[in-house]
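Working notes, beginning with the structure itself.
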Amino acid sequence: MARIALVTGGSRGIGAAISRALKAEGYAVAASYAGNDDAAAAFSAETGIPAFKWDVADHAACAAGVARVEAALGGPVEVLVNNAGITRDAPFHRMTPDQWNAVIGTNLTGLFNMTHVVWPGMRERKFGRIVNISSINGQKGQFGQVNYSAAKAGDLGFTKALALEGARAGITVNAVCPGYINTEMVQAVPEKVLNEVILPQIPVGRLGEAEEIARCVVFLAADNAGYITGSTISANGGQYLA
C-alpha cells in the first residue's frame, strides 16, 4: 500500500506543487486548506488529490481533519508536510496583537497542532516523515515581518528539537527554507520592486519555482532518507547562506 502523505496548505502555490510531486512519486496524497473553496475544488478536479478544509491553528479541527483524511485514504498519515502559512505584514510599531496572533497561530502553533495529532501513531509504527516549510525570512529576518520571521524561526527550533525526540522511533523531522518563489504572492509585487530590489539580491538572478521546493520535500520524505533529520535545506538561489 502506498504511504499516505498530508500536505497542509496543499491546494495552492508551493503546497500544490508539493502535493503533485508526492503523488507523482507514488504517495497517496491529501491536501488541507483553510479558506479558498473554489481553488481547492479546481485543484482536486485537476489532480485527483482530495482536499479537506480546516484551520491548522485549531487543535481540535486538526484532529478531526486528520481522522477524515485517514478514513478517506484508508490508512494512517505517515508523511506530514507542514506548509500552511499566512502573512499579516506591518512595521512593528503598527503591528496589532491580532496580526501577531494570527501569524503565530497558523505558522508556528499550526506545526504543533498537526504534528501532535500524527506523532503518537508514527511513534507506534516506528516510522514517520515530518517536513516543515519555513522561510528565508525565518533565517535572516525581514522588515515588516516581525510576526512572520518569528514564527518561521520558531519552525526551525521546533524542527531541531523534535528531530531529537523522533530519531530512535524512526521519525525524521526536517525543514525547507524557500527564498523568493514564483507564486501568486510574489507575482503581486510591483514589477519595479521585483526587478530593482528583489532580483539583484539573488545570485542566480531569478525567482525559484514551486517545483524546486517540492523536489526538496520529496527527497526528505523518502524511506531511504532516514539518516537525515534535524536538517534545513535552504532553497533561495544563494540569497542567504546559512
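Each reported figure results from applying straightforward, stated rules to the coordinates on display, with no laboratory input. Note that the coordinates shown come from a computational prediction; the quantities given were computed from them, not determined experimentally. Glycine also receives a Cβ, built like all others from the backbone with ideal geometry; neighbour counts cover every protein chain displayed.
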Note to self: For region 9-27: of the residues being assigned to a loop (DSSP other than H, G, I, E, B) and under 11 Å from the mean Cα position of the chain (by Cα), which is farthest from Cys62 (Cα to Cα)?
What the structure shows: Gly10
Next item on the list: Collect the residues in region 183-221 that are surrounded by fewer than 16 Cβ atoms within 10 Å (Cβ to Cβ) and among the small types (Gly, Ala, Ser), keeping them in residue-number order.
Entry: Ala188, Gly205
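Enumerate the strands (runs of 3 or more DSSP E) found wholly within region 127-242, keeping only those where 2 or more residues are of a type in the set (Gly, Ala, Ser). It would help to see each step written out before you state the result.
Working: elements: 128-133, 171-178, 232-235.
Result: 232-235.
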Margin query: Can you pull out every residue in region 157-207 that is closer than 25 Å to Arg125 by Cα and touching a residue at least 60 places away in the same chain (Cβ under 8 Å)?
Written below: Thr159, Lys160, Ala163, Leu164, Gly166, Ala167
Check: Does Ala60 meet the test of being assigned to a helix (DSSP H, G or I) and either among the β-branched types (Val, Ile, Thr) or in contact with a strand residue (DSSP E or B) (Cβ under 9 Å, 6 or more places away or on another chain) (or both)?
Finding: no
